[in-house]
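A quick write-up on the structure given underneath.
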Number of protein chains: 2
Amino acid sequence: MAPRKGSLMSVRTDVKVLDATIRDGGLCNNFEFTDEFVTELYKSNIKCGVDYMEFGYRASKNLFDQKKFGKWKFCSEEDIRSIVGDNVSDMKIAVMADVGRCDFKEDFIPKAESVIDMIRVACYIHQIPAAVEMIEYFHNLGYETTCNIMAVSQANNDQLADALEMLGQSSVDVIYLVDSYGSLYPENAGNLAKKYLEIGEKYGKAIGFHAHNNQNLAFANTIETMSYGVSYLDATAMAMGRGAGNCAMELLLGFLKNPKYNLYSLLTFIENYMLPLKESGVVWGYDIQYMLTGQLNRHPREAMAFTADEKTDYCEFYKSLLDNF
Amino acid sequence: MAPRKGSLMSVRTDVKVLDATIRDGGLCNNFEFTDEFVTELYKSNIKCGVDYMEFGYRASKNLFDQKKFGKWKFCSEEDIRSIVGDNVSDMKIAVMADVGRCDFKEDFIPKAESVIDMIRVACYIHQIPAAVEMIEYFHNLGYETTCNIMAVSQANNDQLADALEMLGQSSVDVIYLVDSYGSLYPENAGNLAKKYLEIGEKYGKAIGFHAHNNQNLAFANTIETMSYGVSYLDATAMAMGRGAGNCAMELLLGFLKNPKYNLYSLLTFIENYMLPLKESGVVWGYDIQYMLTGQLNRHPREAMAFTADEKTDYCEFYKSLLDNF
């Protein structure tokens, strides 16, 4: 087994923490955060030492009706600047661009004119060639780039080896392992991470991890993959994110030993903004229906419908999942 | 690093699952479960393939007023028999006896006359000699025994080595690693487990793990320690247990590959009994205050008081914890 990089007491200066609350959390409330919420999160992230804050998607306005979503589905330069000004801070700004769901040649300006630092390209494994085209385009505009290969727990080994090789040869800066279905255990998340890290070492790429909490393993998988050398770590305030949610920022910041990270502002933010959001009826987080789709390595869509319908007949739900394998 | 025992696909026939819902969960509701609840849990556990069911404590009636606690704090033979009869099942019955809080020489009858199969002796590390005295007594009565060394995250290495050696030389059947404060990470839980397993191998003892979910790591730590050879695994329905709760039985049974284990009855039990229990106001489970005491490797008592007071000023709470280090 590959050795761990440092111990539980080590300061790992290669680690970068990315707050994805608005982006992945936006999937829970249709991206309808108040400006106050986003501004306070931005300020809190800076105080907590967070390295990147992802503001949302830059989705195609041709494919998605702007009237039907909050503005963070589109993340215009103006909307981001209305929160961060010129972002006079050490924290970098990221947005996500989905392969096939954005107009990348129209909607992005050169980095020199943009407040955005990093563009994260999300794709399924069969879309890697399309992702690479976008990555090269963004790279040439001057942005840092990542490629987030979603649903990797359903990719086969040959596909994954090909995909990682293609990304290794691209201009991408960070390759993300994404446990979209929350189906990975620390043991196989660690083994997958080692494959990514091998390519990362060969081609000089950093590796990231994005967790989902279907089996209450989001934090565990994050620190397990980190221990082998993964360095870009996604987390969200109170684990807000689609379905079972993500890795909780408060767990991650409390774990990391680099003194630049601290919990104080985040705890205040949670108290003042996350609890009211929960109380307002926005739903996310670990629950039995998400555990079941995670255990079965499936998209959480049926669990999300079960949640939306406020159902609790778990045994019937489980049987229906097994009937539709 | 010691190799893992089998893979994620292996059937580990040495694994034994122990349901501690009534015992550790009883700490949340003063052991006041209805007979119907306990009976249905017993039936569900049998159907799910659970190996041991812990009914509660056999606490001293001299030290504790029977009028002030539910009957599962005392676990009389008659009360257990009123649920299980002669326990005509493959599942074994366990009770817990705390060092210093039970009258072990008065309150236990010979195994041949008892419906109980296993007595779990819980102690802090300085009480190991007292625990060994109890273990020998119970062993001579014919019971299986365990020793559950609590709060091991605060024991020093020399103490622990001594304690494990003493237990190795005793008649105990199973030595439990207990993460009372929920402060262990998979990496150090795994390292601790290896120390226990070394003694286990030397003296022919099985090793168990009992988790707390302060940092959302109860399940992760359970399967990590299991992967190195830990075989007695504690879990509770819906993770019910003191403070942040334990390892969720539904996560564990969904993970184990032995076909004797299945989820159906448990999901029905959760729906019919655990959800109403939660709705009735019994409180347990992961929350930020427990995360903070877990991160700081402290007893959850301040977090329990914070919870009981329905407070949410996490930042003030965190500061108060740091002030009283």
Specify which of the listed residues (B:Ala131, B:Ala112) is surrounded by 18 or more Cβ atoms within 10 Å (Cβ to Cβ) and farther than 15 Å from B:Lys73 by Cβ.
-> B:Ala131
Counting just the residues of region A:195-229 that are of a type in the set (A, V, I, L, M) and touching a strand residue (DSSP E or B) at 6+ places or on another chain (Cβ under 8 Å), which one comes out farthest from A:Met304 (Cα to Cα)?
-> A:Ile199
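Conditions (1) modelled with pLDDT under 95; (2) closer than 17 Å to B:Thr21 by Cβ; (3) among the aromatic types (Phe, Trp, Tyr), marked per residue:
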{"residue": "B:Ala59", "(1), (2), (3)": "no, no, no"}
{"residue": "B:Phe69", "(1), (2), (3)": "no, yes, yes"}
{"residue": "B:Val88", "(1), (2), (3)": "no, no, no"}
{"residue": "B:Met91", "(1), (2), (3)": "no, yes, no"}
{"residue": "B:Phe108", "(1), (2), (3)": "no, no, yes"}
Are any of the residues in region A:310-319 under 21 Å from the mean Cα position of the chain (by Cα) and either assigned to a strand (DSSP E or B) or away from every other protein chain (no Cβ under 11 Å) (or both)?
-> no
Answer yes if at least one residue in region A:99-120 is more than 30 Å from A:Phe37 (Cα to Cα) and either in contact with a strand residue (DSSP E or B) (Cβ under 6 Å, 6 or more places away or on another chain) or in contact (Cβ under 8 Å) with a residue 24 or more places away in the chain (or both), and no otherwise.
-> yes
So which residues in region B:218-236 are free of Cβ contacts under 8 Å to residues at least 40 places away in the same chain and within 10 Å of chain A (Cβ to nearest Cβ)?
-> B:Ala218, B:Phe219, B:Ala220, B:Ile223, B:Glu224
How do the pairs read when you match residues in region B:237-263 that are within 12 Å of chain A (Cβ to nearest Cβ) with residues anywhere that are of a type in the set (Asp, Glu) and part of a helix (DSSP H, G or I), using Cβ under 6 Å and keeping only pairs 6 or more apart or on different chains?
-> B:Asn246/B:Asp24
Candidate set: region A:159-173, residues that are under 19 Å from the mean Cα position of the chain (by Cα) and not in a helix (DSSP H, G or I); chosen: the one surrounded by the fewest Cβ atoms within 10 Å (Cβ to Cβ) = A:Asp173
Where in region B:1-109 are there helices (runs of 4 or more DSSP H), lying fully within it, with 3 or more residues that are buried (at least 17 other Cβ atoms within 10 Å of the Cβ)?
-> B:21-29, B:35-48, B:77-84
Hey, any hits in region A:122-133 for a residue that's assigned to a strand (DSSP E or B) and on the phi < 0 side of the Ramachandran plot?
-> yes
Reported set for region B:68-102 where residues are under 21 Å from the mean Cα position of the chain (by Cα) and among the acidic types (Asp, Glu) is B:Glu77, B:Asp79, B:Asp90, B:Asp98
The number of residues in region B:139-158 that are in a helix (DSSP H, G or I), under 20 Å from B:Ile125 (Cβ atoms) and either within 20 Å of the chain's Cα centre (by Cα) or not acidic (Asp, Glu) (or both) is 4
How many residues does region A:8-38 hold that are of a type outside the set (A, V, I, L, M, F, W, C) and in contact with a Ser or Thr (Cβ under 9 Å, 6 or more places away or on another chain)?
-> 10
Filter pass, B:Asp179 being in contact with a helix residue (DSSP H, G or I) (Cβ under 9 Å, 6 or more places away or on another chain) and of a type in the set (Asp, Glu) = yes
Taking region B:274-306 on its own, how many of its residues are in a helix (DSSP H, G or I), more than 10 Å from chain A (Cβ to nearest Cβ) and in contact (Cβ under 8 Å) with a residue 40 or more places away in the chain?
-> 6
Using the structure shown, decide if B:Ile149 is within 14 Å of chain A (Cβ to nearest Cβ), crowded, with 18+ Cβ neighbours inside 10 Å, of a type in the set (A, V, I, L, M, F, W, C) and out of contact with any His (no Cβ under 9 Å at 6 or more places or on another chain).
-> no
Residues within region A:192-216 that are in contact (Cβ under 8 Å) with a residue 60 or more places away in the chain and either within 14 Å of chain B (Cβ to nearest Cβ) or more than 13 Å from the chain's Cα centre (by Cα) (or both), tallied | 8
Does A:Leu266 count as in contact with a Gly (Cβ under 8 Å, 6 or more places away or on another chain) and facing chain B (nearest Cβ under 10 Å)?
-> no
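The values are calculated or read from the model by the stated rules, or taken from the named source; none is laboratory data. What you are looking at is a predicted structure, and each value in this text was computed from that prediction instead of being measured. So basically every Cβ, Gly included, is an ideal-geometry build from the backbone, and we count neighbours across all protein chains shown.
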